[in-house]
Structures are given as C-alpha cells and as structure tokens.
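J.: There's a structure below that I have some questions on.
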Amino acid sequence: MTTLIVTASHHGSTREIAERVAEVLQEQQQIETVVEDVKGAAAWLDSADSVIVAAPVYRTRLAKEASAFLDSRRAELSTRPLVLLVSGGAPSLSPRLHAALQAYGPREIGYVRGAVVEERLSGLEKLQLKLSGNENYGDFRDWAGLESWAKGLTGLRG
Ligand SMILES: Cc1cc2nc3c(=O)[nH]c(=O)nc-3n(C[C@H](O)[C@H](O)[C@H](O)COP(=O)(O)O)c2cc1C
C-alpha cells in the first residue's frame, strides 16, 4: 500500500507538514509514502494506491498548482482514495473554500495552520497577505495536532 503525498509549497512550511504526515503514516499505519512536489507528482500516480494533496491557501484559494493538479488529474484521482490537507494562516478553513474542495470528491479534508514568515516573503506577497486579511506572522503549526490527525486517518484504504 503506497500513498502519494503531493505538495504545492511556496515557502516550505506545507512541505514540512507533508513530510511529518508521511512519517506518521509509515510508523503508525505501516503505509509506504512518497512525498513529491506537484510538478513531478503525475509520474507517481500509477504506482499510488491513494493520494493526499497537501497545499496552502493563497489569496483565499487553494494554491493554483494544486488546483491545476486536481483538475487535470481528475480521472486518475477518481479511481483511488483522495484526501486533501490544506494549510493556511487563518485559524480555520473558510466554508467557501471547503465547499469548493468537496467538488473533488475527497474522503476527508483536513486543515492545519501553517507558517507565515515575514523574511521569506516578497514585498508583493506581503501586500497580498495584508489584502487577504491574514497578516499574522508566525509559525502556527501544531505538530501534535497534525500527528493525531495523521494517526486517525482512515480514508486511505480501499
Ligand atoms: C501572499 C499570501 C497570501 C495568503 N493568503 C492566505 C489566505 O487567503 N488565507 C489563509 O488562511 N492564509 C493565507 N496565507 C498564508 C499561507 O497559507 C501560509 O503561510 C502557508 O503556511 C504557506 O505555505 P507554504 O510555506 O507551504 O507556502 C497567505 C500567505 C501569503 C504569503
């Protein structure tokens, strides 16, 4: 049983989230995992029994590379369990984005707070962040909460 974890991380924090989930799945559920950036992920789809797409919210939407992957790979994703794991600066996932993500037919949609590190952002990104109403800087990742989410993930099997 192999789970492909696809990440679309602009500044690295969602990639680290995906890697932690992979560790938990391997250690606690004996599930083999491959963590792959969205750019190279399609090549791994054939060998994956299930897929997790871990991606951040940017400007109130899922990162566009992740949406593009979900849109362009609908056929392959429809034949295997799909879980979405979203990271964002806000305390919770907006109901609007949650509803939009349901359209991809995931078994589960998880949400974790990510990291918003000022030194990593360009001037334009800082402005966009301000306009999105999420101008709270810090590393908000709750590693214990993430691990318990991954331990309780039941939707990946058959
Ligand atoms: C330009 C910009 C826009 C963002 N817009 C949102 C948003 O609309 N909602 C939200 O919850 N978080 C927003 N965030 C926060 C990111 O989702 C958060 O920093 C995430 O952890 C980034 O993941 P990454 O490090 O993998 O790129 C935004 C961050 C940036 C830099």
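J.: Every residue in the range 1-19 that is within 18 Å of A66 (Cβ to Cβ) and either touching a helix residue (DSSP H, G or I) at 6+ places or on another chain (Cβ under 7 Å) or in a loop (DSSP other than H, G, I, E, B) (or both), please.
T.: T3, L4, I5, V6, T7, A8, S9, H10, H11, G12, I17 - these are the residues of the range 1-19 that are within 18 Å of A66 (Cβ to Cβ) and either touching a helix residue (DSSP H, G or I) at 6+ places or on another chain (Cβ under 7 Å) or in a loop (DSSP other than H, G, I, E, B) (or both).
J.: Of everything in the range 123-147, what is part of a helix (DSSP H, G or I) and either under 18 Å from L93 (Cα atoms) or touching a residue at least 12 places away in the same chain (Cβ under 8 Å) (or both)? Give them in sequence order.
T.: Within the range 123-147, Q128, L129, K130, L131, W143, G145, L146, E147 meet the criteria.
J.: Tell me yes or no: at least one residue of the range 26-37 is within 20 Å of L146 (Cα to Cα), among the acidic types (D, E) and part of a helix (DSSP H, G or I).
T.: yes
J.: Report, by residue number, each residue of the range 86-132 that is surrounded by fewer than 18 Cβ atoms within 10 Å (Cβ to Cβ) and in contact with a Pro (Cβ under 7 Å, 6 or more places away or on another chain).
T.: Across the range 86-132, the qualifying residue is only R107.
J.: Restrict the check to the range 38-50 and report whether at least one residue is within 30 Å of K130 (Cα to Cα) and either at pLDDT 95 or above or more than 16 Å from the ligand (Cβ to nearest atom) (or both).
T.: Checked the range 38-50: at least one residue is within 30 Å of K130 (Cα to Cα) and either at pLDDT 95 or above or more than 16 Å from the ligand (Cβ to nearest atom) (or both).
J.: Could I ask something else about it? When you look at T60, is it at pLDDT below 95, within 30 Å of E118 (Cα to Cα), within 15 Å of the chain's Cα centre (by Cα) and of a type in the set (S, T, Y), yes or no?
T.: Yes.
J.: Pick from the range 36-57 the residues that are surrounded by fewer than 19 Cβ atoms within 10 Å (Cβ to Cβ) and either touching a residue at least 40 places away in the same chain (Cβ under 8 Å) or of a type in the set (V, I, T) (or both): which of them is nearest to T154 (Cα to Cα)?
T.: For the range 36-57, the residue satisfying everything is D49.
The values are calculated or read from the model by the stated rules, or taken from the named source; none is laboratory data. A quick note: this is a predicted structure, and the numbers were derived from the prediction, not measured. Every residue, glycine as well, gets a Cβ built from its backbone with ideal geometry; the counts of neighbours run over all protein chains shown.
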